[in-house]
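J.: Below are the structure tokens for one structure; questions will follow.
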Amino acid sequence: MSAYSEPSFRESVDLMFNRAVSLMDLAPGLEEKIRVCNATYTVRFGVRLRGQIHTFTGYRSVHSEHMEPVKGGIRYSPEVNQNEVEALAALMTYKCALVEAPFGGSKGGLCIDPRAWDEHELELITRRFAYELIKRDLINPSQNVPAPDMGTGEREMAWIADQYARMNTTDINSRACVTGKPLNAGGIAGRVEATGRGVQYALQEFFRDADGVKKSGLKGTLDGKRVIVQGLGNVGYHAAKFLSEEDGCKIIGIIERDGALVDESGLDVEAVKAWIAENGGVAGYPDAEHTISGNAVLENECDILIPAALEGVIHMGNAADIQAPLIIEAANGPVTAGADEILRKKGAVIIPDMYANAGGVTVSYFEWVKNLSHIRFGRMQRRQEEARHQLVVDELENLSQAVGNTWTLSPDFKQRYLRGADELELVRSGLDDTMRTAYQSMKEVWHSRNDVSDLRTAAYLVSIGKVAASYRAKGL
Ligand code: NAD
């Protein structure tokens, strides 16, 4: 516990879970079975680098195996610890249930600062970590399927997939052992953007819910909303990019490790991203005001706050000063249980992590299915779909001629209508549908039950209900 009696990340998840189950009527003992983490494996392994052996500590935690494989990212960060990995694994269980991805929850982590090692060194470390997990079936297409998380991406997933294939030379499904791979190594179009894209779809769906928008005190649509983002990594960058480019949002603040950029007229997300890639941080960016105390910007006035970096950034020490009426948890666990209570009392609406960042696991699910079916989505249907659309267009044009060409189809309509959907479009459509459906299930509970005042409790009620149903179906 910290100076503010702040619960740990694991305790925060448990507190939120307990709040929800107190409103449910679960069979005796089932609540405990669902809450606890089934197992956490800790591994310490050595890699010879720079003339000496370096010892690394890694974890893979399995929270619930009510469905298998279990699923969850692998995080690279010096702060990784068992408590964090277990909290993240628990969130994965609830997240997968909420968006109906047929997996149990898992998570992994390696205590490492990836920026301290070069690419070749990171490959050696990753392959060794993967080896340790693979030989215990903690990476396996039918048992445990990791994905990227903070500090890891396509590159690490490709190394893991290759390591698994080398150790399982006759496994025809080896590519399904991990998701978030590059396209040329069995990945799927749209996975890199998926979590940020999911944040965008979640906000679009929220703004279709007039009662929800009213509860937040906001008005209108996403257009013109002023947004502050913390963390311009995979999730934060894509969310900020799509919201500003496609929905008319203004990104008025970007918080990074080395401070924040603020500009009321709206920041150029691409330009800031390019600056970070070149300079390692936001400091010195020429076209906005830079402040060194980045976290203070979380408290700036805005319409939507998107914490997309790490957990516990909104805590009992700053929650009362957060002005955003709407917070969407793009990161996992950015709001502690204590802060959640303070914000709820203030009337802020929080779109919870288990829903908000579920785009990643949703598209990972599509990738896993693609790997198991050994065929790209759309490959069988696309041209056939185009041919059928062509028939309709030809017929309409014939009819138009028959009545003396009194009307025509616009070239833009024809072009858009005739084109069959490729994999990226199908993935986005499946993701959009998933985010809409999951929001509807939470919304129904949120708006219909007097004892449920927030979306997080609603999300827990829906997901715990689904996990409990799986256990009941297994006869537990
Ligand atoms: P990432 O490593 O790509 O990006 C994290 C960003 O946060 C980086 O730009 C980093 O510089 C910044 N950052 C780190 N510490 C910071 C600090 N103290 N203050 C401000 N900025 C800081 O990671 P990511 O994959 O975008 O993951 C971010 C969050 O989203 C994590 O909580 C992760 O668990 C969650 N998440 C990620 C995915 C995914 O598909 N990548 C899926 C679901 C949830």
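The values are calculated or read from the model by the stated rules, or taken from the named source; none is laboratory data. Everything numeric here is computed off the predicted structure, so don't read it as measured data. Cβ placement follows ideal geometry from the backbone for every residue including glycine, while neighbour counts extend to all protein chains displayed. The accessibility values were calculated without ligands, DNA or RNA, using every heavy atom of the protein model including side chains. Shrake-Rupley method; radii C 1.70, N 1.55, O 1.52, S 1.80 Å.
J.: Considering only residues that are among the hydrophobic types (A, V, I, L, M, F, W, C) and either more than 22 Å from GLN143 (Cβ to Cβ) or without any contact (Cβ under 8 Å) to a residue 60 or more places away in the chain (or both), which ones fall in the stretch 53-94?
T.: Listed by number, the residues that qualify are ILE53, PHE56, VAL80, VAL85, ALA89.
J.: Within the bounds of the stretch 356-368, is there any residue that is open to solvent by 40 Å² or more (accessible area, probe 1.4 Å) and of a type in the set (Val, Ile, Thr)?
T.: no
J.: Go through the residues of the stretch 157-168 one by one and say whether even a single one is away from the ligand (no atom under 14 Å from the Cβ), assigned to a helix (DSSP H, G or I) and touching a Leu at 6+ places or on another chain (Cβ under 7 Å).
T.: No.
J.: Which one of these is in a helix (DSSP H, G or I), touching a helix residue (DSSP H, G or I) at 6+ places or on another chain (Cβ under 8 Å) and among the basic types (Lys, Arg): LYS107, LYS95?
T.: LYS95
J.: I need the helices (runs of 4 or more DSSP H) fully contained in the stretch 389-476, keeping only those with at least 1 residues that are modelled with pLDDT under 95.
T.: By residue number, 411-418, 455-473.
J.: A further question on this structure: Just to be sure before I move on: is ALA283 more than 20 Å from LEU243 (Cα to Cα), at pLDDT 95 or above and more than 9 Å from the ligand (Cβ to nearest atom) in the structure I sent?
T.: Yes; evaluated as a whole, the condition is true for this residue.
J.: One residue is enough: does the stretch 63-82 have a residue meeting the conditions farther than 26 Å from GLY280 by Cβ, assigned to a strand (DSSP E or B) and among the hydroxyl-bearing types (Ser, Thr, Tyr)?
T.: Yes, that holds for at least one residue.
J.: Go through the stretch 141-156 and count every residue that is of a type in the set (Ser, Thr, Tyr) and within 15 Å of the ligand (Cβ to nearest atom).
T.: Looking only at the stretch 141-156, we keep the residues that are of a type in the set (Ser, Thr, Tyr), and these are 142, 152.
When the remaining residues are screened for being within 15 Å of the ligand (Cβ to nearest atom), the result is 152.
Residues that pass the stated criteria total 1.
J.: Let me ask another. Which ones in the stretch 359-388 are within 16 Å of the ligand (Cβ to nearest atom) and of a type outside the set (A, V, I, L, M)?
T.: Hits for the stretch 359-388 are GLY359, GLY360, THR362, SER364, TYR365, PHE366, GLU367, TRP368.
J.: I'd like to know if the stretch 197-212 contains one or more residues that are open to solvent by 10 Å² or more (accessible area, probe 1.4 Å) and part of a loop (DSSP other than H, G, I, E, B).
T.: Within the stretch 197-212, none of the residues are open to solvent by 10 Å² or more (accessible area, probe 1.4 Å) and part of a loop (DSSP other than H, G, I, E, B).
J.: Any residue in the stretch 413-423 that is in contact with a Leu (Cβ under 8 Å, 6 or more places away or on another chain), closer than 30 Å to ILE351 by Cα, more than 16 Å from the ligand (Cβ to nearest atom) and open to solvent by less than 50 Å² (accessible area, probe 1.4 Å)?
T.: no
J.: Another question, if that's okay. Can you tell me how many residues in the stretch 183-192 are within 16 Å of the ligand (Cβ to nearest atom) and more than 20 Å from GLY430 (Cβ to Cβ)?
T.: Counting residues in the stretch 183-192 that are within 16 Å of the ligand (Cβ to nearest atom) and more than 20 Å from GLY430 (Cβ to Cβ) gives 0.
J.: If you don't mind, another one. Do we have any residue at all in the stretch 206-213 that's modelled with pLDDT of 95 or more and within 26 Å of HIS290 (Cα to Cα)?
T.: no
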